[in-house]
Each structure stands twice: as C-alpha cells, then as structure tokens.
Amino acid sequence: MRLLDGLSENIHPSLKPLHPVIADSESSASFSQLGSLLEQFQCATREAKKLVLGRSAHELTRRLEPESWSTTECLDHLARTTGSFLPAISRAVAAAPKLTTKRPLRTGAIALLLIRNLEPPYRLRYKVIPQLVPRNTDFDAAWRAFEESQSRLSETLCSATGLAIDKVKVPCPVCTHITYNAYGAFRMLAAHQRRHLWQVQQILAALDAIDRRKRRLETAV
C-alpha cells in the first residue's frame with residue numbers, strides 16, 4: 001500500500017506561505033531572522049513529505065539494522081523532541097521583553113556550538129534520552145505527530161515577532177545544567193530537523209540499494 005498519496009490536496013498550515021505577522025511586519029534584522037527560521041521549518045515539512053510520498057508502509061517502518069531507526073522512528077523522534085523543547089521555549093517567549101531597536105537577534109555561543117554539531121552530514125552522535133527515544137512504529141500516527149509538532153513550532157515562532165527572545169533563557173531538556181537563549185533554541189530545532197531528514201534520506205537510499213541488488217540477483221538466477 002502506498003501512503004500519503006492524497007496529502008497534496010490538504011496542505012497543512014505549516015506548509016503555507018510565511019505567516020503574515022512576520023511577512024508584513026516592519027522591516028528589521030530580527031523580522032528577517034524569524035522569517036528565515038519559519039521558512040526552514042516549512043522546508044523541513046515539505047522535505048519530509050517529499051521523502052515519504054509514494055513509499056509503502058513496509059519501506060517506512062523498515063530498519064537497516066536491528067538497533068537503527070526507521071523513517072517512521074525518525075519522524076517520531078522529531079515530534080518528541082519538538083514537544084519536549086516547546087513548553088520551555090513558549091514560557092521564555094512569553095517572558096521576553098520587546099525589541100526597542102532593529103538589531104539582529106544573537107544565537108549565543110553554546111547554541112552555535114551545538115548547531116555546528118547537529119548539522120548534516122554529521123560525525124558526532126548523541127545519546128538519546130529516554131523521553132526522546134522513538135516509540136511509535138505506526139507511520140500514519142508518527143506523521144500526524146510530526147505535522148502537528150511543526151504547526152505548533154511555527155505558531156510559537158510567530159508569537160516571538162518583535163520580542164528580544166535572545167534575552168530570555170531556555171533550559172536544555174537533555175542536560176538541565178545547560179541553558180541557551182530562545183532564539184538559539186529555535187535555530188537548534190531547525191538544525192536538528194535537517195539532521196534527521198538527512199538520516200531519512202540515507203535510510204531510504206540504502207533500502208533502495210538493497211532492493212536493487214536483490215532484484216539483480218533474482219534476475220541473474
């Protein structure tokens with residue numbers, strides 16, 4: 001069975017053009033930065049959809065190795081990670097002061113370091129804490145959770161328009177003694193999404209290669 005064949009007619013809010021609160025705001029560096037981040041989140045959703053369209057449930061839930069993740073598990077992990085980060089980010093955004101100048105938002109040294117290590121192709125692997133380990137093996141449920149998390153993330157980002165979100169701290173849900181500012185946290189989530197969508201690309205490409213070799217062997221016999 002092929003999945004997601006009808007999704008092209010039902011565009012999720014996170015795939016729509018830039019939110020008018022950001023797109024129509026007074027031009028400044030911070031508005032451009034938030035607009036760029038929103039486009040990155042939208043691009044991640046579009047890329048995820050592109051990767052899974054036309055794939056079977058077997059392909060999307062298949063692991064390369066017993067201890068590796070499937071495409072479905074990668075999407076479930078992304079949804080769980082966003083869900084873990086968002087409460088603290090939302091509280092920080094709600095507490096952020098208004099921007100009084102058109103200055104750019106600052107990412108912060110800790111967030112910049114983490115972003116560099118998250119971006120694909122990556123060499124460093126991180127131990128995943130239990131609450132972020134994927135548990136959903138049903139693709140449809142994982143996709144719905146991912147799409148909903150993307151929508152919530154985009155709405156939270158839009159609520160930060162005009163605010164100095166680099167002046168408020170967010171505790172890391174993975175290491176509670178580490179904090180970074182809310183703008184840096186948004187950027188980290190965008191990099192984290194690129195990391196795991198790249199992983200999905202590698203998984204599906206490897207599965208395709210395995211299937212091609214199998215077909216060649218069957219033809220040769």
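Kindly provide the set of residues from segment 101-134 that are within 26 Å of residue 46 (Cβ to Cβ) and assigned to a loop (DSSP other than H, G, I, E, B), ordered by number.
Across segment 101-134, the qualifying residues are 105, 107, 119, 120, 121, 122, 126, 128, 134.
Given the criterion of a type in the set (A, V, I, L, M, F, W, C) and farther than 12 Å from residue 110 by Cα, identify the matching residue among 210, 178.
Only one candidate passes the filter, namely 210.
Checking residue 215 against (1) among the charged types (D, E, K, R); (2) modelled with pLDDT of 95 or more; (3) out of contact with any helix residue (DSSP H, G or I) (no Cβ under 7 Å at 6 or more places or on another chain); (4) under 25 Å from residue 71 (Cα atoms), which test does it fail?
(2)
Please state which of the following conditions residue 15 fails to meet, knowing it meets all the rest: (1) at pLDDT below 95; (2) within 16 Å of the chain's Cα centre (by Cα); (3) buried (at least 21 other Cβ atoms within 10 Å of the Cβ); (4) hydrophobic (A, V, I, L, M, F, W, C).
Unmet condition: (3).
If only one of 56, 36, 70, 90 is modelled with pLDDT of 95 or more and buried (at least 21 other Cβ atoms within 10 Å of the Cβ), which one is it?
That would be 70, the only listed residue that is modelled with pLDDT of 95 or more and buried (at least 21 other Cβ atoms within 10 Å of the Cβ).
crowded, with 16+ Cβ neighbours inside 10 Å, modelled with pLDDT of 95 or more, over 17 Å from the mean Cα position of the chain (by Cα) and within 23 Å of residue 42 (Cα to Cα): which single residue out of 197, 204 fits that description?
204
Restricting the first residue to segment 28-51 and requiring it to be touching a residue at least 12 places away in the same chain (Cβ under 8 Å), which pairs with a second residue that is assigned to a helix (DSSP H, G or I) and among the hydroxyl-bearing types (Ser, Thr, Tyr) meet a Cβ separation below 8 Å and a spacing of at least six or different chains?
Once the first residue is touching a residue at least 12 places away in the same chain (Cβ under 8 Å) and sits in segment 28-51, its partners that are assigned to a helix (DSSP H, G or I) and among the hydroxyl-bearing types (Ser, Thr, Tyr) give 33/183; 38/154; 41/14; 41/154; 42/14; 42/154; 45/14; 51/71.
Looking at 88, 142, 92, 96, which one is hydrophobic (A, V, I, L, M, F, W, C), under 15 Å from the mean Cα position of the chain (by Cα) and under 30 Å from residue 176 (Cβ atoms)? Walk me through it before giving the result.
Details: 88 fails: under 15 Å from the mean Cα position of the chain (by Cα); 92 fails: under 15 Å from the mean Cα position of the chain (by Cα); 96 fails: under 15 Å from the mean Cα position of the chain (by Cα).
Among 88, 142, 92, 96, only 142 is hydrophobic (A, V, I, L, M, F, W, C), under 15 Å from the mean Cα position of the chain (by Cα) and under 30 Å from residue 176 (Cβ atoms).
For residue 161, state whether it is assigned to a helix (DSSP H, G or I) and either at pLDDT below 95 or not small (Gly, Ala, Ser) (or both).
no
What do you reckon, is residue 51 modelled with pLDDT of 95 or more, in contact with a helix residue (DSSP H, G or I) (Cβ under 8 Å, 6 or more places away or on another chain) and over 30 Å from residue 166 (Cα atoms)?
Criteria met by residue 51.
Can you confirm whether residue 66 is touching a residue at least 24 places away in the same chain (Cβ under 8 Å) and part of a loop (DSSP other than H, G, I, E, B)?
No; evaluated as a whole, the condition is false for this residue.
Looking at (1) touching a helix residue (DSSP H, G or I) at 6+ places or on another chain (Cβ under 9 Å); (2) in a helix (DSSP H, G or I); (3) not polar (S, T, N, Q), which one does residue 198 not meet, given that it meets all the others?
So residue 198 meets the others, but not (1).
Would you check if residue 167 is surrounded by 16 or more Cβ atoms within 10 Å (Cβ to Cβ), among the charged types (D, E, K, R), more than 13 Å from the chain's Cα centre (by Cα) and over 16 Å from residue 36 (Cα atoms)?
Yes, satisfied.
For a quick check of your reading of the model, give me the residue pairs whose first member lies in segment 111-137 and is closer than 19 Å to residue 180 by Cα, whose second is among the charged types (D, E, K, R) and in a helix (DSSP H, G or I), with beta-carbon atoms closer than 6 Å and at least 6 apart or on different chains.
115/187; 118/195
The values are calculated or read from the model by the stated rules, or taken from the named source; none is laboratory data. From a predicted model like this one, the values you see are computed outputs, not experimental measurements. Note: ideal-geometry Cβ built from the backbone for every residue, glycine included; neighbour counts use all protein chains shown.
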